[in-house]
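Enquirer: Got a structure here, written out as structure tokens. Questions coming.
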Amino acid sequence: MPSKTIDGAVLPSAHTPLHRLPKGSRARVVGIASSALFGDMDDQVTLRLKELGFLPGAMLQVIGFGLFGADPIAVRINGTKFGLRRAEAEKVLAALQPA
Amino acid sequence: MSQSVLHFALVGNPNCGKTALFNCLTGAKAKVANYAGVTVEKRSGPLAGLSRPAELIDLPGTYSLYVASPDEQVARRVILGEMDGEAQPDVLVAVVDATNIKLGLRLVLELKALGRPMILVLNLADEARRRGIRIHAELLAERLGMPVVETVAVRRQGVTGLLAALDTLAANVQVRSGRLGLPARGEAVESLYARIDTVLAECVEAPEFTPRWQDKLDALAMHPVLGLVILAAILLLMFQAVFAWAAPLMDGIEALVSWLGEWAGALLPPGILHDFVVDGLIAGMGSVLVFLPQIIILFAFILALEDSGYLPRAAFLLDRMMRGVGLSGRSFIPLLSSFACAVPGIMSTRSIPNPHERLITIMTAPLMTCSARLPVYALVIGAFVPQRPVWGLFNLQGLTLFCLYVAGIASAALVAWTARRQRGKSESFPLLLELPNYRWPNLYHFLLGLKERAWIFLRRVGTIILALSIVLWFLATFPGAPEDATLPAIEYSFAGMLGKFMQPLFEPLGFSWQMCIALIPAMAAREVAVSTLATVYAIGGGDAALGVSLAHSWSLPVALAYLAWFVYAPQCLSTIAVVRRETNSVRATLVFTAYLFALAYVAALLVRHLAALWT
């Protein structure tokens with residue numbers, strides 16, 4: 001199911017926003033989407049995510065979720081663990097990798 | 001060569017050990033813990049051991065020069081020389097966590113683009129080796145074009161090598177002044193990371209590895225349900241320990257104090273000096289000193305938790321709930337430090353980007369029970385709550401203490417929620433909370449921290465509490481009783497008059513005039529409530545053990561009301577002063593003081609009447 005990112009590039013494979021990945025799963029980041037939730041700050045949030053290593057090709061693993069509705073989400077990327085809110089996690093598009 | 005002072009700045013990601021290095025290099029004792037954002041202000045100290053005079057600046061951690069939350073801006077402004085009245089650093093000492101080198105190098109390359117003299121410190125080198133990470137330092141130095149030194153700051157390893165490298169740099173650096181503009185972002189994050197990958201492939205052998213026990217621990221500690229159970233259990237254990245483990249030591253100190261009282265009493269001839277030493281000095285200070293073991297146990301737990309890496313997990317678990325009341329995981333650490341003392345807690349709110357959230361955090365910080373309230377709680381609980389086991393595991397005293405802490409937290413949530421309802425929702429800066437590796441608390445730092453806390457407590461006993469005890473003894477002794485006195489002499493003293501003057505206001509709460517007097521010196525330091533009660537009851541001819549005197553003269557509902565008062569009352573002038581300074585608003589300070597007093601009064605009133613119905 002090829003689909004497009006914000007800048008119109010075709011993505012190589014099926015991708016899921018981070019918050020929909022199952023716990024324990026491994027995935028490869030395919031891109032960062034824009035989100036209306038952060039308003040003017042969206043570019044800053046995108047940049048910060050990239051700076052922390054959420055870049056296309058990076059492997060991540062979902063470690064766990066908070067109590068209600070997958071919020072916040074803990075992931076490991078490049079060996080570092082981060083806690084993200086759902087709003088941030090929604091921006092990270094990833095392709096699920098077979099276990 | 002110029003001999004002006006050279007400025008070195010420690011720069012790096014949050015929680016990579018900058019402050020631990022700072023302590024090693026300057027002999028300072030700044031607070032170190034295992035979570036991001038311990039350092040919110042820059043601090044500096046003389047850097048000894050170089051051949052020219054130098055100063056070392058410790059900066060708050062930052063991930064980037066370009067995207068900055070407000071606490072990271074401090075670092076950026078100092079690095080770029082934008083801070084007024086602040087010398088621009090001549091040498092950047094970039095610190096990287098060797099177990100997390102990729103993330104760290106990103107900032108290093110950003111810094112390198114500034115073209116300043118630089119050195120790279122790979123900290124936590126021992127932990128990296130343990131994980132099988134091999135870093136070829138010489139090759140890395142060549143590729144990056146800067147010296148590279150490995151250290152283990154918490155164990156003071158590699159510090160000599162670092163000093164030698166700094167000295168070599170110092171010999172060649174010219175002091176410069178003026179601002180450094182932030183260059184436009186020359187390179188996209190993607191290509192920067194691609195460069196890092198190339199360098200890492202050459203210089204670092206790192207097996208894909210995180211210790212299994214860390215992951216297993218996280219599966220438990222961050223489990224949505226079990227994690228909260230564990231958090232509650234840790235806190236319960238902490239309050240249990242405060243009572244259960246401290247008891248034998250407290251008995252020891254109590255025995256020592258009463259022995260000292262008797263010894264001094266026998267030595268001095270009966271008269272005014274005898275009364276001053278026995279009832280004023282020894283009863284006053286001794287009654288507070290008794291709580292030293294409890295303070296030490298409380299801080300032992302707090303320090304161990306801070307160093308373990310558990311706290312960011314707790315912030316993760318609580319983030320959703322805190323967001324429900326308009327706060328966020330970012331308020332967690334300021335609120336948590338308020339359990340030690342609200343003053344540093346309120347100061348650390350500077351790391352909260354949203355001004356409204358910051359104000360709410362300041363307003364609610366004193367509802368976190370600070371350690372100065374512990375003696376008051378412990379005294380009243382010890383006197384009125386029986387030491388009865390509950391469900392086999394806990395005892396009723398520890399459980400009561402736990403409830404008092406919970407009452408403070410729940411009230412803070414309620415206050416924050418009410419304030420949010422008035423303001424409406426506002427957008428939030430992303431959480432993006434780094435969850436550091438767990439590690440065993442470092443014994444040296446742990447003991448150093450404990451010693452520091454014990455000293456702070458003893459210094460308070462020796463200064464402010466001593467002074468207030470003396471003043472109070474005078475107020476409670478003079479003027480003496482008239483010849484035909486029918487009541488105990490203290491009822492005729494200034495303290496007695498003052499207490500009786502205040503008492504009508506507190507009549508609805510059931511407070512006696514003795515209890516009212518204790519509220520006044522408690523404004524300077526809450527512990528003094530205990531020494532005041534001790535002095536007042538000692539002069540009034542009460543039992544030697546203060547707890548016994550209280551149990552005889554207060555009813556249970558009133559005792560509980562007194563506890564409720566202390567949960568809320570803004571009884572500490574330094575807290576009010578720091579609120580004034582941090583909010584820079586008289587109005588906010590007045591609102592802060594008034595709402596807490598009102599809350600204290602209402603809560604005490606409710607508790608008294610509800611408890612009276614129930615008992």
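Enquirer: I'd like the antiparallel share, as a percent to the nearest 5, of DSSP beta bridges with both residues in chain B.
Expert: If we restrict to bridges inside chain B, about 30 percent are antiparallel.
Enquirer: A follow-up question, please. Principal axes first, then extents: for the Cα atoms of segment B:381-490, list largest minus smallest coordinate on each axis, whole Å, largest first.
Expert: Rounded to whole Å, the extents work out to 73, 47, 38 Å.
Enquirer: Mind checking the mean number of beta-carbon atoms from other chains within 10 Å of the Cβ atoms in A:44-57?
Expert: Mean shielding count: 6.
Enquirer: Pull out a ≥ b ≥ c, the square roots of the eigenvalues of the alpha-carbon gyration tensor of segment B:525-615, then state rounded if a/c is under 1.5, prolate if not and a/b is larger than b/c, and oblate in the remaining case.
Expert: Oblate.
Enquirer: Could you do me a favour and compute the accessible area per residue for chain B, 1.4 Å probe, result in Å²?
Expert: For chain B, the per-residue accessible area is 42 Å².
Enquirer: Mind checking the angle between helix B:292-308 and chain B's longest principal axis? C-alpha axes, 0 to 90 degrees, to the nearest 10.
Expert: Result, in degrees: 20.
Enquirer: Using all Cα-Cα distances in chain B, what percent lands in each 10 angstrom bin from 0 up to the longest?
Expert: 3, 15, 23, 22, 17, 11, 6, 2, 0, 0
Enquirer: Let me know the shape class of segment B:292-429, please: from the alpha-carbon gyration tensor, a ≥ b ≥ c as square roots of the eigenvalues, rounded when a/c is under 1.5, otherwise prolate if a/b is greater than b/c, or oblate. Before the final figure, lay out each step's value.
Expert: Working: a/c = 2.03, a/b = 1.76, b/c = 1.15.
Prolate.
Enquirer: What does the buried accessible surface come to for A and B, summed over both chains, with the probe at 1.4 Å? Round to 100 Å². Please list the in-between numbers first.
Expert: Details: alone 5970 and 27660 Å², together 30300 Å².
Adding both sides of the contact gives about 3300 Å².
Enquirer: Taking beta carbons within 10 Å but only from partner chains, what does the mean come to for residues B:223-231?
Expert: Mean partner shielding for this stretch: 2.
Enquirer: Moving on. State the percentage of accessible surface on the protein assembly as shown attributable to carbon and sulfur atoms; use a 1.4 Å probe and exclude ligands, DNA and RNA.
Expert: On the way: 19310 of 30300 Å².
Its accessible area is 64 percent carbon and sulfur atoms.
Enquirer: Could I ask something else about it? Suppose a student asked you for the relative contact order of segment B:551-615, using Cα pairs under 8 Å spaced at least 6 residues apart; what percent would you report? Show your work: numbers first, answer last.
Expert: On the way: 48 pairs, mean separation 34.7, N = 65.
This gives 53 percent for segment B:551-615.
Enquirer: Let me ask another. For segment B:429-498, what does the convex hull of the Cα positions come to per residue, in cubic angstrom?
Expert: That works out to 200 Å³ per residue.
Enquirer: Measure nothing fancy, just the Cα-based angle from helix B:101-112's long axis to the longest principal axis of chain B, in degrees from 0 to 90, nearest 10.
Expert: 70 degrees
Enquirer: Continuing with this model, one more query. Could you work out the mean projected area of the convex hull around the alpha carbons of segment B:1-141, in square nanometres to one decimal?
Expert: 9.1 nm²
Enquirer: Helix B:70-80 versus the longest principal axis of chain B: what angle, 0 to 90°, nearest 10, using Cα atoms?
Expert: Rounded to the nearest ten degrees, it is 50.
Enquirer: Residues in segment B:458-490, backbone N under 20 Å from the label point at B:Phe276 (7 Å along the Cα-to-beta-carbon vector): list them, ranges by number please.
Expert: It comes to B:462-481, B:489-490, nothing else.
Enquirer: Estimate the FRET efficiency between B:Phe494 and B:Leu573 by the formula 1/(1 + (r/R0)^6), using the beta-carbon distance for r and 25 Å for R0, to the nearest 0.05.
Expert: Details: r = 21 Å, r/R0 = 0.85.
My answer for the efficiency is 0.75.
Enquirer: Kirkwood hydrodynamic radius for the protein assembly as shown: how many Å is it when counted over pairs of different Cα atoms?
Expert: 28.1 Å
Enquirer: Given Cα pairs under 8 Å that are at least 6 residues apart, what percent is the relative contact order of chain B?
Expert: RCO, chain B: 12 percent.
Enquirer: Calculate the FRET efficiency for A:Asn78 and B:Ala410 from the Cβ-Cβ distance with a Förster distance of 41 Å, rounded to the nearest 0.05.
Expert: Working: r = 39 Å, r/R0 = 0.96.
Step by step, r from the Cβ atoms, then E = 0.55.
Enquirer: Let me ask something else about it. With an 8 Å Cα cut-off and a minimum separation of 6 or more residues, compute the relative contact order for segment B:79-206 in percent.
Expert: 32 percent
Enquirer: Distance in nm between label sites at B:Asp215 and B:Gln73, each 7 Å beyond Cα in the beta-carbon direction?
Expert: Distance between the two pseudo-spin positions: 4.1 nm.
Enquirer: Continuing with this model, one more query. Treat each spin label as a single point 7 Å out from the Cα along the C-beta direction, and report the A:Gln97 to B:Ala188 distance in nm.
Expert: It is 2.3 nm.
Enquirer: With r as the distance between the Cβ atoms of B:Thr486 and B:Leu267 and R0 = 25 Å, compute the FRET efficiency 1/(1 + (r/R0)^6) and round to 0.05.
Expert: Values: r = 32 Å, r/R0 = 1.30.
Calculated transfer efficiency: 0.15.
Enquirer: Taking the Cα-to-Cβ direction at B:Met321 and at B:Met83 and moving 7 Å from each Cα, how far apart do the two end points lie in nm?
Expert: 3.7 nm
Enquirer: How large is the dipole of the protein assembly as shown about the Cα centre if only Lys and Arg carry +1 and Asp and Glu carry -1, each at its Cβ, rounded to the nearest 20 debye?
Expert: Values: 60 positive and 52 negative charges, 336 e Å.
For this selection, approximately 1620 debye.
The values are calculated or read from the model by the stated rules, or taken from the named source; none is laboratory data. All values reported here derive from a predicted model rather than from experimental measurement. We place every Cβ from the backbone using ideal geometry, glycine too, and count neighbours over all the protein chains shown. To get the accessible areas, we keep the full protein, side chains included, count just its heavy atoms, and leave off ligands, DNA and RNA. Shrake-Rupley method; radii C 1.70, N 1.55, O 1.52, S 1.80 Å.
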